[in-house]
Amino acid sequence: MHHDGDGADKRAPMAPAPMKYAPDGSVAWGEMWDSFCALARDGGPPHRATLLEGDPAADPASDGYRFAAAEITRGVVAVSGLPVAPAAAGWLAIGCHSASMAHWLAEAIIEENVAARAEGATLLVPVGASFTLKSEIKNVITAVAKTTHYWREHLPPEVKQTLEWQARLADLRRRVTGWLGRGATIGGASLAIVC
């Protein structure tokens, strides 16, 4: 989809990349893309028109869920090199190098219209029993591929360092607020935080 000066809606979803297959018939996720358009958070087109969410009521033991989880796992590992593990129903957990990376990726993936959230250094992405290979499974893998590519290749080290310090300060604030909220005292005087 061409967007430079062609009058097209820059927020229209991006055109899908064609599927590529390995000789054994499996999807060659690591070979699917040779370039990416700009991230939606930077003014590029989002990957999807509507928000893709997982199904927290799904049965993780069902064949459809297990297939979707296995294929998303295989694809995410191929495109990002990051480890993936099952999480609560409707979610897969991707291990990131830092909490700031997980948070940045979650925000960027949401802008691509794929649900995501960060818990510490873990990025959570959706999975569901009704996810199909050429639609939802590909959507999740594409959003992870696109955002991890930008994290690795385009985000300057100074920005990553700033994000890491922000994450550390937020964690410190959370811990201090919790400590003070439990009735901390100094010299017999109660302390409270006013935010």
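Quick notes on this structure:
- Taken as a whole, the structure leaves Glu119 outside the set of residues that are under 19 Å from Pro45 (Cβ atoms) and either of a type outside the set (Gly, Ala, Ser) or buried (at least 21 other Cβ atoms within 10 Å of the Cβ) (or both).
- Of everything listed in (1) in a helix (DSSP H, G or I); (2) closer than 19 Å to Gly30 by Cβ, the single unmet condition for Val159 is (2).
- Just one of the numbered conditions (1) assigned to a helix (DSSP H, G or I); (2) crowded, with 16+ Cβ neighbours inside 10 Å is not true of Ala58: (1).
The rows are residues; the columns are (1) touching a helix residue (DSSP H, G or I) at 6+ places or on another chain (Cβ under 6 Å); (2) farther than 27 Å from Ala49 by Cβ; (3) outside the structural domain of Tyr65 (by TED's automatic domain parsing).
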{"site": "Ala85", "(1), (2), (3)": "no, yes, no"}
{"site": "His97", "(1), (2), (3)": "no, yes, no"}
{"site": "Leu105", "(1), (2), (3)": "yes, no, no"}
{"site": "Val114", "(1), (2), (3)": "yes, no, no"}
{"site": "Ala118", "(1), (2), (3)": "yes, no, no"}
{"site": "Asn139", "(1), (2), (3)": "no, no, no"}
{"site": "Lys146", "(1), (2), (3)": "no, no, no"}
{"site": "Asp171", "(1), (2), (3)": "no, yes, yes"}
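- Sub-6 Å Cβ pairs linking a first residue in region 87-111 that is closer than 18 Å to Gly75 by Cα to a second residue that is of a type in the set (Asp, Glu) and not in a strand (DSSP E or B), at least 6 apart or interchain, are Gly90/Asp55, ordered by first then second residue.
- Filter result for the condition that a residue is of a type in the set (Gly, Ala, Ser) and either under 17 Å from the mean Cα position of the chain (by Cα) or closer than 28 Å to Leu169 by Cβ (or both), over Gly64, Gly43, Gly75, Gly25: Gly75
- In the condition set (1) touching a Phe, Trp or Tyr at 6+ places or on another chain (Cβ under 7 Å); (2) closer than 22 Å to Pro18 by Cβ, Lys134 is compliant with all but (1).
- Contact map, region 163-184: first residue in a helix (DSSP H, G or I) and of a type outside the set (Ser, Thr, Tyr), second residue at pLDDT below 80 and surrounded by fewer than 11 Cβ atoms within 10 Å (Cβ to Cβ), Cβ cut-off under 7 Å, separation 6 or more or different chains; pairs are Leu180/Ala192.
- Every residue from region 107-133 that is farther than 25 Å from Asp171 by Cα and in contact with a Pro (Cβ under 8 Å, 6 or more places away or on another chain): Glu112, Asn113, Val114
- Boolean, Pro16 is at pLDDT 75 or above, assigned by TED's automatic domain parsing to the domain that holds Ser130 and either part of a loop (DSSP other than H, G, I, E, B) or within 27 Å of Trp151 (Cα to Cα) (or both): no
- Thr122 vs. criteria free of Cβ contacts under 8 Å to residues at least 40 places away in the same chain and β-branched (Val, Ile, Thr): yes
- Condition met for Val125 (within 12 Å of Gly54 (Cα to Cα), of a type outside the set (D, E, K, R) and part of a helix (DSSP H, G or I)): no
The values are calculated or read from the model by the stated rules, or taken from the named source; none is laboratory data. Values in this document were obtained by computation on a predicted structure and should not be read as measured data. As a convention, Cβ positions derive from the backbone with ideal geometry for all residues, glycine included, and neighbour counts pool all protein chains shown.
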